[in-house]
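Report on the structure given below.
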Amino acid sequence: MIKFLYFKNKIKANFKGKSIGIIKIFTSKSFSSKESNSNNKVNSNSVPQRLNVEDSFFPYFVGLIEGYGLFTISKSGKYFQFEIGLELSIRDLDLINYIKSKLGVGTIFIRKSNNRPEMVIFRVRNKQDLKGVLMPIFNKYPLLTIKHYDFIRFKECLFAESNEIIKAHTKNKYIRPLTPVNTLNTILNAHYFSSWLIGFIESEACFSIYKPTNEN
């Protein structure tokens, strides 16, 4: 019997290799910034245009972010840094490379550690790319789970007109609200639910095959 196991709302660090900082970075020739910029310039400019038509990739990407993604606000000196990141097993390197080629923005890192599984990390830090490429995607295909609260906080800070607004959001440790953003019917009836679900399954689900120990 095949049993479909669904939610694991939080990714355990000792299981999924949750990022604790990049320990060692390897950038292959195909991921060099020079080549990425030249190859992806047209793609990044065309993302808002492509959002005018239905493209199953975008809600699929939102589903992936829903599971594995991170919306991070950090401070370096007197400046704030914004990042949307996605961390997957090194076995998903081709997928990460495909995502980068579709979006036309971002950087790919490979993290190696003696004590943790090898991971591949995709992240976008450039404010122009965050505002012009990624925000329109999340605006058209909103996150469906409580991670939407993370996005709202991130977006308000990203578009804030002063650092005081950002400071107000970040002065205390962020605790994600537990109140559901959507009802089950709202999620199931979202016009992009099918594509979103595939991305979410990629990140949060597993397919298990087992033999029952008791016929009953």
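Would you call Asp150 out of contact with any helix residue (DSSP H, G or I) (no Cβ under 8 Å at 6 or more places or on another chain), surrounded by 15 or more Cβ atoms within 10 Å (Cβ to Cβ) and either in contact (Cβ under 8 Å) with a residue 24 or more places away in the chain or among the hydrophobic types (A, V, I, L, M, F, W, C) (or both)?
Judged against the criteria, Asp150 is a match.
Under the condition of being touching a residue at least 24 places away in the same chain (Cβ under 8 Å) and more than 20 Å from the chain's Cα centre (by Cα), which residue from the range 153-185 is surrounded by the fewest Cβ atoms within 10 Å (Cβ to Cβ)? Among residues in the range 153-185 that are touching a residue at least 24 places away in the same chain (Cβ under 8 Å) and more than 20 Å from the chain's Cα centre (by Cα), the one surrounded by the fewest Cβ atoms within 10 Å (Cβ to Cβ) is Thr179.
If a residue must be assigned to a strand (DSSP E or B), modelled with pLDDT of 95 or more and basic (Lys, Arg), how many such residues does the range 96-123 contain? The number of residues fulfilling the criteria is 1.
When restricted to residues that are under 13 Å from the mean Cα position of the chain (by Cα) and surrounded by fewer than 17 Cβ atoms within 10 Å (Cβ to Cβ), the range 117-141 contains 1.
Please enumerate the residues belonging to the range 175-216 that are closer than 26 Å to Pro59 by Cα, outside any helix (DSSP H, G or I) and in contact with a strand residue (DSSP E or B) (Cβ under 9 Å, 6 or more places away or on another chain).
Ala205, Cys206, Phe207, Ser208
Consider Ser101 carefully, then state whether it is surrounded by fewer than 18 Cβ atoms within 10 Å (Cβ to Cβ), free of Cβ contacts under 8 Å to residues at least 40 places away in the same chain and out of contact with any Phe, Trp or Tyr (no Cβ under 7 Å at 6 or more places or on another chain). No; evaluated as a whole, the condition is false for this residue. Can you find a residue in the range 69-83 that is acidic (Asp, Glu) and assigned to a strand (DSSP E or B)? Scanning the range 69-83 turns up at least one residue that is acidic (Asp, Glu) and assigned to a strand (DSSP E or B).
The values are calculated or read from the model by the stated rules, or taken from the named source; none is laboratory data. All of these numbers come straight from a predicted model, not from anything done at the bench. A quick note on method: Cβ atoms are made from the backbone with ideal geometry, for glycine too, and the neighbour counts reach across all protein chains shown.
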